[in-house]
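Inspection log for the structure reproduced underneath, given as structure tokens.
Each reported figure results from applying straightforward, stated rules to the coordinates on display, with no laboratory input. Just so you know, these numbers come straight off a predicted model, no measurement behind them. Cβ sites come from the backbone with ideal geometry, for glycine too, and all protein chains shown count toward neighbours.
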Amino acid sequence: MNNKIYQERRNALAKQIYTKSGGGVAVISTAPELARNRDSEFPYRHDSDFFYLTGFEEPGATLVMEIKSSGKAYELQSHLFCRPKDPEREIWDGIRLGPEAASAALGVEFAHSNQELDRKLGGLLADQTAIYIRLAESAEADCRLRHWMKQVRAQARSGINPPSELHDVEALIHEMRLFKDVHEIDTMRRAAAISARAHIRAMQRCKPGIREYQLEAELLHEFRNSGSQSVAYNSIVAGGANACILHYRAGASELRSGELCLIDAGCELNGYASDITRTFPVSGKYTGPQRALYDITLAAQEAAVAMTKPGNSFMQPHEAALKVLTQGLLDEKLLKLSELGSLENAIEIAAYRRFYMHRTSHWLGMDVHDVGSYRESIGEEEKPWRILKSGMVITIEPGLYVRPADDIDETFWNIGIRIEDDAVINESGCELISRGAPVKADEIEATMKNV
């Protein structure tokens, strides 16, 4: 994306700050580098809010937005503090943009060395109405804020005052991030296409005797070979009973004939996540009980998809999925109608939670569990579930997980199934951008056979 998009986002944030406080200063830092072990760091990943406003991926950077009143409008000046050029460190760690080039490259009015941040913040905060920061971000951030405020208060005898208002900048940014523009949706569509190809690759290379980590390697190959920068989250590759562990990591377990393999994996492309889950038979053919539960789960997803449209609440797709899943559990005698009395009562008392214990959806965007309130903001009343609108992106991921138990038919033991797709809400309903990966049981079997 070009600089204009980030400038427009900064201006949109500045307008909100001006409307709310009449001006102020917003301070947003990127993520720190984290040590993995001695002399080694985790692969660096920028902070999503910071990247959303700047497009800048280097560590050690802070964006300071100065919003001043200008008659009936506002004036925005953006200051980027970044690492200075350092030929010695660049030999070891890579080329830095540096403040000399940052202003033109990133479309900000001013760029400075990050070593000047503490010295300059005192001046930028002087006589400002409000400061917008991440509240309670860390003890270190709180300490820096106290230092900046102390600098301004030290000028009190000169008639200079510190900001009198303190606000959470995340609340404003996250509401913006909840609605994706055409550029973001295009990136997410491409990320989903890469991830779909990775799932197909894993299906086609799966065979009895292979280990979970070997299928994980196939996913990673397709992600990186297709140009994505990273996984969007730790890939789940779970065979057999492991599929009943919701956040299972790909391990060394051997995939066995007659069992299912559940893969929940997605790549990150240019800062945006994809999130796909498919469940397929290790031997290439579903057993009777596996197929029965798979078809129920897929029908639940289709019911949820039908309810994913503007005007419906965030919970309506989940409620639609619950109805189908619970009826299916009753049909397969995993729940006993004689004990529960009716489908409605089974849902009312959440009898399904033994087999389905998570929600059907979450926001998706720069983060796999993306930001944004799930509740409407309506005064001080009890806040209802969010109304879905065009431009929002959610996952739709019903599942069934059957653990061994004395009252469960053994043919269903250790069956874990989840089906997940990424849905972009539009004016007519939603677009499933991840359906490049086959989802119907017959299609999956044909894909695995056609190697």
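Things worth noting here:
- Unique match (being touching a Ser or Thr at 6+ places or on another chain (Cβ under 6 Å) and crowded, with 18+ Cβ neighbours inside 10 Å) among 265, 303: 265
- Residue count for the stretch 165-207, restricted to those that are in contact (Cβ under 8 Å) with a residue 60 or more places away in the chain, assigned to a helix (DSSP H, G or I) and under 28 Å from residue 131 (Cβ atoms): 8
- Scanning the stretch 64-120 for residues that are of a type in the set (Phe, Trp, Tyr) and either touching a Cys at 6+ places or on another chain (Cβ under 6 Å) or outside any helix (DSSP H, G or I) (or both) yields 74, 81, 110.
- Hits in the stretch 70-101 - residues which are surrounded by 13 or more Cβ atoms within 10 Å (Cβ to Cβ) and either under 15 Å from residue 29 (Cβ atoms) or among the β-branched types (Val, Ile, Thr) (or both): 78, 79, 80, 81, 82, 83
- Selection count where residues are in a helix (DSSP H, G or I) and touching a residue at least 24 places away in the same chain (Cβ under 8 Å), scope the stretch 1-55: 23
- Considering residues of the stretch 223-244 that are in contact (Cβ under 8 Å) with a residue 24 or more places away in the chain and part of a loop (DSSP other than H, G, I, E, B) only, the residue nearest to residue 208 (Cα to Cα): 235
- Candidate set from the stretch 327-386 (those that are over 30 Å from residue 176 (Cα atoms) and acidic (Asp, Glu)); member that is surrounded by the fewest Cβ atoms within 10 Å (Cβ to Cβ): 339
- Residues within the stretch 270-279 that are buried (at least 24 other Cβ atoms within 10 Å of the Cβ) and either of a type in the set (Phe, Trp, Tyr) or part of a loop (DSSP other than H, G, I, E, B) (or both), tallied: 3
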